[in-house]
Every structure is written in structure tokens, then in C-alpha cells.
Amino acid sequence: MGDQEPVVNPNLPVYVYVQVADAIERDIRSGRLPVGARLAGEQDLAEQYGIARGTARRVVEELRDRGLAVTLPSKGTYISEPPPAEG
């Protein structure tokens, strides 16, 4: 996270897991997180974004729902080719 603005703003009328998923989606679409890269585990995501582990689990679920990640049991979650951006 470094010098960047914090990703999570609990004062926004948007669920925290959506804010984190949005940030990760931006990283994917910008190429900062390349297709095939392994996403950090739930505990690491929780620490990285300052969220609860259950929230991190929901982030991963949201990324899968958006078609941005695939989880392989006992292997991890990997970035998949993003679908075209809406809009």
C-alpha cells in the first residue's frame, strides 16, 4: 500500500469487500496483477488491506463472481483474463 491512499474507507456507502475487490480489479486491468498471478491468501489479504479474514474471503468470492479470479482447491486463487470492462 505504501504512499497510496487507503483502499478501504468505512465511511463510504459501499461494502468494504466491494471496495477491496474494486481496488484489486483496477490492479488487474492495469496489468499490475498479471493474468495467471497467484492472489495472496485470505490471511495475507486481510493484513494487506486491514480487513477481517472473513471480509477477505468475501473479496475473493466477489472476484470470482466478476470473472477475475479462479480458485483451485489446495492450490490457491489465480487471476484470470478479465472480461471486457462495462461502460
Matching residues in segment 67-83 - criterion: being out of contact with any strand residue (DSSP E or B) (no Cβ under 9 Å at 6 or more places or on another chain) and farther than 12 Å from Ile28 by Cα: Pro73, Ser74
Residues (within 18 Å of Val8 (Cα to Cα) and part of a loop (DSSP other than H, G, I, E, B)) located in segment 42-69: Gly50, Ile51, Ala52
Cβ-Cβ under 9 Å pairs, at least 6 apart or on other chains, segment 1-29 side surrounded by fewer than 12 Cβ atoms within 10 Å (Cβ to Cβ) and of a type in the set (S, T, N, Q), far side at pLDDT 95 or above and not in a loop (DSSP other than H, G, I, E, B): Asn9/Val16; Asn9/Gln19
Candidate set: segment 70-87, residues that are of a type in the set (S, T, N, Q) and assigned to a loop (DSSP other than H, G, I, E, B); chosen: the one modelled with the highest pLDDT: Ser80
Inter-residue pairs, beta-carbon under 9 Å, first at negative phi and in segment 42-66, second among the polar types (S, T, N, Q) and part of a helix (DSSP H, G or I), 6+ apart: Leu45/Thr55; Ala46/Thr55; Tyr49/Gln19; Tyr49/Thr55; Arg53/Gln43; Ala56/Gln43; Ala56/Gln48
Leading residue by the ranking (farthest from the chain's Cα centre (by Cα)) among those in segment 23-41 that are in a helix (DSSP H, G or I) and among the aliphatic types (A, V, I, L, M): Ile28
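The values are calculated or read from the model by the stated rules, or taken from the named source; none is laboratory data. Bear in mind that the values here come from a model prediction, so they are computed numbers and not experimental data. Methodologically, a virtual Cβ is constructed for each residue, glycine included, from the backbone with ideal geometry; neighbour enumeration extends over all protein chains shown.
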